[in-house]
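*Asks:* Once you've had a glance at the structure underneath, I'll fire off some questions.
The values are calculated or read from the model by the stated rules, or taken from the named source; none is laboratory data. Here the structure is a predicted model, which means the values were calculated and not measured. Note that each Cβ is placed from the backbone with ideal geometry, even for glycine, and that neighbours are counted across all protein chains shown.
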Amino acid sequence: MSRLDIKTPDRAQMMVDQLYHDMERRIAASPPGLCPVDLALNFLNLCHAQTCGKCVPCRVGLGQLSILLGDVLEGRAKPRHMEFIEETARSIAGTAACAIGRHAAKLVLDGVQDPGNVGTILRTANAFGATVILLPGCADLYNPKTLRSAMGAHFRDVQWRCTLDETASLLQQANIPLYATALRADTEDLRSADLSNAAVVIGSEGRGVSPPVLERCEKTLKIPMSPHCESLNAAVAAAVVLWEGYRG
């Protein structure tokens with residue numbers, strides 16, 4: 001899983017801050033009348049050179065930004081150039097793989113095998129700006145039914161496919177606790193849990209959260225419901241968790 005080699009959000013932010021301060025020093029030392037677009041392009045190229053190169057938004061997006069700014073600098077800009085620059089910058093900030101710690105909610109899918117459920121979860125996660133990690137045993141991301149149910153979420157977000165060990169390592173590096181929707185001695189009502197910076201496991205439709213995954217979770221959560229209802233569909237449970245995390 002190559003994306004695990006990417007710097008954690010804290011380290012990535014420190015690097016960006018360092019580059020930004022370096023640009024400030026260059027501006028202070030530059031002669032009057034220096035073109036701000038030229039400075040921005042130089043800063044962007046410096047950032048591009050510092051990326052890990054493993055994540056498409058940074059590798060491709062930063063290159064696209066360089067081209068757009070170069071067009072502005074050379075007088076080739078078209079009316080929608082600034083709009084394209086803004087859209088590209090927002091896309092990079094929202095979908096770069098090293099930004100996994102920036103979102104308010106994360107979902108980990110454990111053995112969710114129905115492609116319709118996986119696609120629906122991806123679509124819902126996209127609506128709430130959440131990151132989704134798929135453990136082995138989940139439905140294929142590119143199953144036609146998954147693609148159809150996701151309604152384009154594949155092209156707007158980065159989906160992660162990791163082993164349990166990789167997931168635990170990644171979340172630990174980003175200081176994100178792992179919870180599970182399951183019943184255990186430490187089970188807490190979902191409404192009282194702090195999901196502002198947590199990852200929540202959604203288990204399979206038939207078996208729920210698997211024991212190996214449950215062992216890695218710091219606590220378990222339950223969705224309050226009518227006593228005569230045993231459980232919720234995986235996609236519906238994910239939507240409830242995402243909404244609770246989104247509304248804070």
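*Asks:* Do you know which residues across the stretch 138-164 are under 13 Å from the mean Cα position of the chain (by Cα) and of a type in the set (D, E, K, R)?
*Replies:* If the condition is that a residue be under 13 Å from the mean Cα position of the chain (by Cα) and of a type in the set (D, E, K, R), then ARG156, ASP157, ARG161 are the ones that fit.
Here's the yes/no breakdown for (1) in the same structural domain as LYS222 (by TED's automatic domain parsing); (2) modelled with pLDDT of 95 or more; (3) of a type outside the set (D, E, K, R):
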residue	(1), (2), (3)
ASP157	yes, no, no
GLN173	yes, no, yes
LEU183	yes, no, yes
SER210	yes, yes, yes
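*Asks:* Take the residues in the stretch 123-174 that are assigned to a helix (DSSP H, G or I) and touching a strand residue (DSSP E or B) at 6+ places or on another chain (Cβ under 6 Å); name whichever of them is farthest from VAL213 (Cα to Cα).
*Replies:* ALA125
*Asks:* Counting only residues that are modelled with pLDDT under 70 and either of a type in the set (Ser, Thr, Tyr) or surrounded by fewer than 16 Cβ atoms within 10 Å (Cβ to Cβ) (or both), which one in the stretch 63-109 is nearest to ASP157 (Cα to Cα)? Before you say what the answer is, go through the steps one by one.
*Replies:* In the first step, residues of the stretch 63-109 are kept if they are modelled with pLDDT under 70; the result is 90-105.
Filter once more, keeping what is either of a type in the set (Ser, Thr, Tyr) or surrounded by fewer than 16 Cβ atoms within 10 Å (Cβ to Cβ) (or both): 90-91, 93-95.
Details: ARG90: 12, SER91: 9, ALA93: 11, GLY94: 8, THR95: 6 Å.
Ranking the candidates gives THR95 first.
*Asks:* For the stretch 191-246, which residues satisfy the criterion of being in contact with a helix residue (DSSP H, G or I) (Cβ under 6 Å, 6 or more places away or on another chain), small (Gly, Ala, Ser) and part of a helix (DSSP H, G or I)?
*Replies:* ALA234, ALA235, ALA238, ALA239 - these are the residues of the stretch 191-246 that are in contact with a helix residue (DSSP H, G or I) (Cβ under 6 Å, 6 or more places away or on another chain), small (Gly, Ala, Ser) and part of a helix (DSSP H, G or I).
*Asks:* Would you point out which residue out of THR167, THR163 is surrounded by 19 or more Cβ atoms within 10 Å (Cβ to Cβ) and over 22 Å from TRP243 (Cα atoms)?
*Replies:* The match here is THR167.
*Asks:* Same structure again: Looking at the stretch 174-205 only, could you name the residues that are of a type outside the set (A, V, I, L, M) and free of Cβ contacts under 8 Å to residues at least 12 places away in the same chain?
*Replies:* Result: SER192, ASP194.
*Asks:* Let me ask something additional. Filter the stretch 118-132 for residues that are of a type in the set (A, V, I, L, M) and either buried (at least 23 other Cβ atoms within 10 Å of the Cβ) or more than 16 Å from the chain's Cα centre (by Cα) (or both) and give the result. Can you show your working first?
*Replies:* To start, the set of residues in the stretch 118-132 that are of a type in the set (A, V, I, L, M) comprises 118, 121-122, 125, 127, 130, 132.
Of everything in the stretch 118-132, those that are of a type in the set (A, V, I, L, M) and either buried (at least 23 other Cβ atoms within 10 Å of the Cβ) or more than 16 Å from the chain's Cα centre (by Cα) (or both) turn out to be VAL118, ILE121, LEU122, ALA125, ALA130, VAL132.
*Asks:* Still on this structure, please answer the following. β-branched (Val, Ile, Thr), modelled with pLDDT of 90 or more and farther than 18 Å from LEU134 by Cα: does that describe ILE202?
*Replies:* Here the answer is no, as ILE202 does not meet what is asked.
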